Amino acid sequence: MNGAISPTILGRLEWLSLPFVRAWQNPTPDELIGAGAATIVVVGMAGTIALITALGKWRYLWRDWFTSVDHKKIGIMYVVLAFVMMSRAVVEGVLMRMQQATAINAPGIVEPDHFAQLFSTHGSIMIFFMAMPFLTGMINYVMPLQIGSRDVAFPLLNSISLWLTGGAAGLMMVSLVIGQFSTGGWSGYPPYTELEFSPDVGPDYWIWAVTLGSIGSTLSGLNFAVTIYKMRCAGMTMMRMPLFCWTTLCTSILMIFAMPPLTVATAMLALDRYLGFHFFTNDLGGNMMNYANLFWLFGHPEVYILILPAFGVYSEVVSTFSSKELYGYRSMVIATMSIAVMSFTVWLHHFFTMGQSASINAAFGIATMAIGVPTGVKIYDWIWTMFMGQVRFTVPMLYSLAFMMTFVLGGLTGIILAFPPLDYLVHNTLFLVAHFHNMLIPGLLYGMLAGYHYWFPKAFGFRLNEKWGQLAFGCWVVGFYLAFMPLYVLGAAGMARRTAEIFEPAFRPWLYVAGIGALILLAALVALFVQLWVSIREREANRVDAGDPWDGRGLEWSIAGPPPEYNFAVLPTVSGGDPFYTSKRNGDAYLPPERYENIEVPKNSVVGPLLGVFSAATGFALVWHMWWLAILGMLAIIITVIARSFIRDTHRIVSATEVERVDLAWRDKLFASRSISREMETTSANQGFAEVAA
Amino acid sequence: MAASRFLGLIAILALPALSGCAVLRLGAMDAAGPIAEAQRNLYFLLAIVLIFVAGPVLVLTPLIAWHYRISNKHSTFRPKWVFSWWLEGLIWIPPAGIVIGLSFLLWNYTQRLDPYRPIAASQPPLEIQAVALDWKWLFIYPEEHIAAMNELAIPVSRPVRISLTSGTVMQAMLIPRLAGQIYAMAGMRTELNLAASQPGVYRGGNVQFNGTGFAKQKFDVIALSPSDYEGWLAAVRAAANPLDPSAYAQLFEKTTPAQPILFSSAPEGLFQKILSRYQDPDMKVHR
Ligand code: HEM
Ligand SMILES: [Cu+2]
């Protein structure tokens, strides 16, 4: 059963590439876990397909979702992708914790190579296929509504970005079923990932998944930046934009400048592996230090790409749930912009230990600490926003408070790591793992979850269940502290990261506590899904279709929940910050428009899904050296793009009467709703119509 | 009865905490040499400053959120209050001041604890050449013409200057109780200066993932009194286990020896040979 099955057609695919065959031949617990994961993917896929077929929903999905170029639907699909990938990555994180808790002077449950795949997929998925889709989806949904626009600047490009990301995530899932993934970690450092040391398909899966994802993100960045520059409604000057739009702008700029170094780095690694180049090999003049620089030239701005949108969410949430304008808007904007610019000046802190001179290390260490200042300013700005406000402890607000207090601790350990002499001690240890989870879980995950709870009623017209939300929140927080605080101690004791086996019994109690924490985090994830289920079931009781459940401040709350395809029946005009909040106070919110006009909206397009499928197929073919399929896939991509440029009928008209009908129907509901005070916003009395104190 | 059960419960809870703290003795918190000691002191100094950085946020966030909760009818509500120059100064200037102050500390300590900086001492440093391999370490003693695999014996109090390279992928050598880590890369030489101030056995290892055997790639640093060190050298030389061509070839196999291996002699220029190994035109390492 050894050897390639059919080299011309299937490239280097072997029977043993399939985990089922491996588990059959050699049924160790390790192989069984691998085969079990593959089974879950296959059964999950088959089940989903069967379910959709049984419900007869293919046409609906294709027409209303997959081919849609509506920024709201694309946003929702991004978030769905993020949740699916998050589920896998959280389970992998828990599995790693279980391995380390059981592998103290014992082999544990998985083999070292399997463990290495786990941390590589966990890290790559969390960053590229959980965090990035989540924030891209959030921006997609919210930002155009907040600036009073009908869509993003390039709706089709938006769909292409989504499908490239989806295709890349698909490659990640396929790697569970066919072949194996890289063992080189989320950073894929050569020379370890070069052919000489990793001749198998793993690094190729990593290269193509990350490359596709990075191209998708670059395109999203361009799209968002142009949208903010060009598509703001009348009166929406830059300094009147909600802070979430500012953080989106900064994130987009970072995406535009920071993703290309990654694409270049993975492309160069691909040239090394496929065409015998020597960019990063040990021999013939290759130098892996160039890779380290390129990768982190992307990697550091990347962490701000991840964190800034969450900062935007917190700004919205804290201000809304304190019933108060954001404190120090101008200083927030300055701080956000400074963070974005400075994030390009610190990448070297990821390799203080590469042997460069002390002065270089010190310079980058100081630059790193300097970013702490604007970041600290933002935290204080949120505190002063609550100051003299009326704070409501809704779920998004709970996440915001937990974020502020937890993120500060991560910032402290960040300053420790910014000191090169201290970094020498804890770099590459669990201290570092604790630090970046301490930044990313509050600074990204909590933010996205806060945004999810906050804008869900806008997107679907009903609120999420509060009790399950609180339970999930409690588990995310308690689980985080239990799972990651012990890692600081273990790291200070010198325990290396990415360790599959432990030979130090003294680590045991800490690994046990971390393991319990990981299980609580798993419970948090489950609670989120239960919450969604419960909320859908009791949706009739929690409808807020009037559209403004939280006494919101931005334009997104001035329309129905969910909004119509074209967002605004008539494009708004604003005359200040927090426009909707102000007009509610001035009594000129919800004024019916003088007249309705025809609205032009982009037509659906199959180009996005086609490009996603073709590029994933090309990636898969390249991984397995199925050259015919790779050539076919690339040709298909080129032909699709050319063919699309011949299609000139790309828009359709929603007639004025239709717009009027929809708008009046919503207004009827609006005026039939009972306005409620803020104390009642988490009860069924909330129909999305806010009582405005005189 | 109930009381004793209660005490038992406390004991069960306290035990892991107590035994848990022992873990820190494996790291730089229990420094065994001047470099790690300086790093630990820097850590404590920084920790004190950082308490003042984080303290206000940790106190103010819950306090303000709770005081201004909507159900508290006695708190002021001023929705239009959005700016104060005083507060603005307070949140920009002191943090910036702290960072400027810390910058001096950082610059100073980074220069002082540069891994390349020789340690001042009355004796010349002991030269060691460390080679990172899959999945083991080779330590060459160029002046003594011996070598040791997965064991590094050094005399107490004498500075040690370690030159590092890799015979394979990039790795990082960390001996937490003695000094911080530095990378070892093929074709390149990096350097780490350290010293032990008390006799003892200190754990060291590779902390940069390099494949299946990564977790096992550990070694002991044995710090000996000068006379014991001489004894160790004599014993190694007496063992008649030279690092001959067949032993050299085995270096590049992906294995971890079960026990440390001591080589009674090592060829001249071995480190240099490994350093330039990838430049050797006869060597078909790629493909
Ligand atoms: C939710 C529960 C989570 C658990 C239980 C968890 C657990 C873990 C574990 C056990 C590791 C390996 C540590 C080691 O190297 O020894 C790890 C690595 C990592 N995690 Fe997580 N994690 C979680 C969430 C996240 C999130 C939200 C992100 C990012 C958004 C993230 C990003 C990463 C990255 C980038 C790595 C490094 C992978 C590598 O070594 O290449 N994790 N995590
Ligand atoms: Cu960084």
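Test A:Thr248 against the criterion of being farther than 29 Å from A:Lys378 by Cα, among the hydroxyl-bearing types (Ser, Thr, Tyr) and in the same structural domain as A:Met132 (by TED's automatic domain parsing), and give yes or no. In short, no.
May I ask you to verify whether A:Asp545 is more than 16 Å from ligand 1 (Cβ to nearest atom) and within 13 Å of chain B (Cβ to nearest Cβ)? No.
Taking only the stretch B:175-214 into account, find how many residues are of a type in the set (A, V, I, L, M) and either assigned to a loop (DSSP other than H, G, I, E, B) or modelled with pLDDT under 95 (or both). Residues meeting the conditions: 7. Every condition in (1) within 11 Å of chain B (Cβ to nearest Cβ); (2) under 19 Å from A:Gln390 (Cβ atoms); (3) not aliphatic (A, V, I, L, M) is met by A:Phe364 except one, and the failing one is (2). Scanning the stretch A:643-650 for residues that are over 26 Å from A:Phe66 (Cα atoms) and modelled with pLDDT of 95 or more turns up nothing. Scanning the stretch B:47-78 for residues that are in a loop (DSSP other than H, G, I, E, B) and surrounded by fewer than 14 Cβ atoms within 10 Å (Cβ to Cβ) yields B:Ser71, B:Asn72, B:Lys73, B:His74, B:Thr76, B:Arg78. Filtered by the rule that a residue be free of Cβ contacts under 8 Å to residues at least 60 places away in the same chain and either away from ligand 2 (no atom under 16 Å from the Cβ) or assigned to a loop (DSSP other than H, G, I, E, B) (or both), the stretch A:284-318 gives A:Leu284, A:Gly285, A:Asn287, A:Asn290. Among the residues of the stretch B:103-144, those identified as touching a residue at least 12 places away in the same chain (Cβ under 8 Å) and assigned to a helix (DSSP H, G or I) are B:Leu105, B:Tyr109, B:Arg112.
Filtering the stretch A:441-454 for residues that are within 14 Å of chain B (Cβ to nearest Cβ), of a type outside the set (Asp, Glu) and part of a strand (DSSP E or B) leaves an empty set.
Candidates are the residues of the stretch A:482-503 that are free of Cβ contacts under 8 Å to residues at least 60 places away in the same chain and within 14 Å of chain B (Cβ to nearest Cβ); the one that is surrounded by the fewest Cβ atoms within 10 Å (Cβ to Cβ) is A:Met485. In the stretch A:130-139 there is at least one residue matching the filter, namely being modelled with pLDDT of 95 or more, within 16 Å of ligand 2 (Cβ to nearest atom) and part of a helix (DSSP H, G or I). Would you pick out the residues in the stretch A:339-365 that are β-branched (Val, Ile, Thr), within 21 Å of B:Phe104 (Cα to Cα) and either within 14 Å of ligand 2 (Cβ to nearest atom) or in contact (Cβ under 8 Å) with a residue 40 or more places away in the chain (or both)? Passing the criteria: A:Thr345, A:Val346, A:Thr353. If only residues of the stretch A:93-104 that are more than 8 Å from ligand 1 (Cβ to nearest atom) and assigned to a helix (DSSP H, G or I) are counted, the one that is nearest to the other protein chains (Cβ to nearest Cβ) is A:Gln99.
Picking from residues in the stretch A:369-412 that are more than 14 Å from B:Trp66 (Cα to Cα) and more than 24 Å from the chain's Cα centre (by Cα), the one that is farthest from the other protein chains (Cβ to nearest Cβ) is A:Asp381. The lone criterion from (1) more than 16 Å from ligand 1 (Cβ to nearest atom); (2) among the aliphatic types (A, V, I, L, M); (3) surrounded by 19 or more Cβ atoms within 10 Å (Cβ to Cβ) left unmet by A:Ala265 is number (1). Candidates are the residues of the stretch A:105-142 that are more than 14 Å from chain B (Cβ to nearest Cβ) and more than 12 Å from ligand 1 (Cβ to nearest atom); the one that is farthest from A:Lys73 (Cα to Cα) is A:Ile109. Scanning the stretch A:470-480 for residues that are away from ligand 1 (no atom under 11 Å from the Cβ) and over 20 Å from the mean Cα position of the chain (by Cα), we see that the one that is farthest from the other protein chains (Cβ to nearest Cβ) is A:Leu471. Only one of the listed residues (B:Pro125, B:Pro94) is surrounded by fewer than 19 Cβ atoms within 10 Å (Cβ to Cβ) and away from chain A (no Cβ under 11 Å). That residue is B:Pro125. Annotation: of all residues in the stretch B:97-122 being within 15 Å of B:Leu194 (Cα to Cα) and among the aliphatic types (A, V, I, L, M), the one that is farthest from the other protein chains (Cβ to nearest Cβ) is B:Ala121. Of all the numbered requirements in (1) within 25 Å of the chain's Cα centre (by Cα); (2) away from chain B (no Cβ under 11 Å); (3) away from ligand 2 (no atom under 16 Å from the Cβ), A:Phe321 misses one, and that requirement is (2). Exactly one residue out of B:Gly180, B:Gly211 is among the small types (Gly, Ala, Ser), within 14 Å of chain A (Cβ to nearest Cβ) and in contact with a His (Cβ under 9 Å, 6 or more places away or on another chain), and it is B:Gly180.
There is no residue in the stretch A:17-31 that is outside any helix (DSSP H, G or I) and in the same structural domain as A:Gly179 (by TED's automatic domain parsing). When A:Gly461, A:Gly414, A:Gly447 are screened for being within 16 Å of ligand 1 (Cβ to nearest atom) and surrounded by fewer than 23 Cβ atoms within 10 Å (Cβ to Cβ), only A:Gly414 passes. Which condition number does A:Phe419 fail, the rest of (1) over 22 Å from A:Glu325 (Cβ atoms); (2) among the aromatic types (Phe, Trp, Tyr); (3) within 23 Å of the chain's Cα centre (by Cα) being met? Only one criterion in (1) over 22 Å from A:Glu325 (Cβ atoms); (2) among the aromatic types (Phe, Trp, Tyr); (3) within 23 Å of the chain's Cα centre (by Cα) is unmet by A:Phe419, namely (3). The one condition from (1) touching a residue at least 60 places away in the same chain (Cβ under 8 Å); (2) away from ligand 2 (no atom under 16 Å from the Cβ) that A:Phe431 does not meet is (2).
Can you pull out the residues in the stretch A:663-680 that are away from every other protein chain (no Cβ under 14 Å) and more than 15 Å from A:Gly461 (Cα to Cα)? The answer is A:Asp663, A:Leu664, A:Asp668, A:Phe671, A:Ala672, A:Arg674, A:Ser675. Taken together, the residues in the stretch A:280-306 that are away from chain B (no Cβ under 12 Å) and either buried (at least 22 other Cβ atoms within 10 Å of the Cβ) or within 16 Å of ligand 1 (Cβ to nearest atom) (or both) amount to 12. Condition first: on the phi < 0 side of the Ramachandran plot and either at the interface with chain B (Cβ under 10 Å from one of its Cβ atoms) or aromatic (Phe, Trp, Tyr) (or both). Can you find one or more residues in the stretch A:514-527 that meet it? Scanning the stretch A:514-527, I find no residue that is on the phi < 0 side of the Ramachandran plot and either at the interface with chain B (Cβ under 10 Å from one of its Cβ atoms) or aromatic (Phe, Trp, Tyr) (or both), so the answer is no. Annotation note: Cβ proximity below 7 Å between a residue of the stretch A:119-141 that is farther than 23 Å from A:Leu176 by Cβ and a residue that is near ligand 1 (Cβ under 9 Å from one of its atoms) (sequence gap 6+ or interchain) occurs for A:Leu135/A:Leu306.
The values are calculated or read from the model by the stated rules, or taken from the named source; none is laboratory data. If you're wondering where the values come from, they're calculated on a predicted model, not measured in any experiment. Virtual Cβ from ideal backbone geometry, glycine too; neighbours counted across all protein chains shown.
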